[in-house]
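Below you'll find the structure, written out as structure tokens, and then a few comments.
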Amino acid sequence: MSLPLIRRSKSKHRAADKVTELKQKLKHQEAETVSAFGQLIGAADRIAILEHDLADARTRRAEAEQVVRCLAADLDERTGERDQAQAEVDRLQALLAPYLAAEANANAVTIPAAFRDAAAFEDQATAPIDVRGLRNRFAAGPVVSLHHSPQAADPAHIPAPAA
């Protein structure tokens, strides 16, 4: 019998292979542990930042609530002052009403319009406004911008009616 004819199959369950496999698993788990530890440190830092932000937000909220309380008290005070001032105005108007009525009666215009002196500026008669041009212009159809047309220079120009 010759030796080369005998084949040795590769051993599937060698101890050295198992040790190598366990070492690789250990390295992989160590890498995962380092990664998880890094994430834990990052999360702890983020938590610390968020806690600081929460404390700042609570401080700002307390300050805002204090401002709101002060403004509400000021508003109540101003409302009371306004109510008192309105009551005083009403009281003074009631006291002044007879005097205002007497003055209006004393200075009433009792002369008929036909005999009134129209020499003063405020008594000048006004003439009615002539709107015929506007009526004609709007009766002609839709208003069109004549800004760039030659007719724009002529204010009396009325566009022709649309057919």
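Largest first, the residues Lys27, Lys18 sort by 1.4 Å accessible area into Lys27, Lys18.
Give me the extension gain from Ile47 to Glu32: residue separation times 0.36 nm, minus the current Cα-Cα distance, reported in nm with one decimal.
Numbers: separation 15, 0.36 × 15 = 5.40 nm, distance 2.19 nm.
Between Ile47 and Glu32, full extension yields 3.2 nm more.
Each principal axis of the Cα cloud of region 45-104 was evaluated for its coordinate range; sorted largest first, these ranges are 83, 16, 6 Å. With all pairs of separate Cα atoms included, region 5-114 yields a Kirkwood hydrodynamic radius of 24.6 Å. Taking 0.36 nm per residue of separation and subtracting the current Cα-Cα distance, fully stretching the chain between Asp76 and Thr59 would add 3.5 nm.
Contour minus end-to-end for Ala85 and Ala102, with contour as 0.36 nm per residue of separation and end-to-end as the Cα-Cα distance?
Details: separation 17, 0.36 × 17 = 6.12 nm, distance 2.58 nm.
Extra length from Ala85 to Ala102 when fully extended: 3.5 nm.
About the centre of its Cα atoms, region 35-107 shows a dipole size close to 220 debye [charges on the beta carbon of Lys, Arg (+1) and Asp, Glu (-1) only; nearest 20 debye]. Residues Ile41, Ile129 ordered from highest to lowest accessible area at a 1.4 Å probe: Ile129, Ile41.
When the surface is traced with a 1.4 Å probe over the full set of protein chains, Asp76 keeps roughly 110 Å² accessible.
The values are calculated or read from the model by the stated rules, or taken from the named source; none is laboratory data. These figures come from a predicted structure and were not determined experimentally. Positions of Cβ are generated from backbone atoms using ideal geometry, with glycine treated the same way; all protein chains shown enter the neighbour counts. For the accessible areas, the whole protein counts, side chains as well, though only heavy atoms, and no ligand, DNA or RNA atoms are used. Shrake-Rupley method; radii C 1.70, N 1.55, O 1.52, S 1.80 Å.
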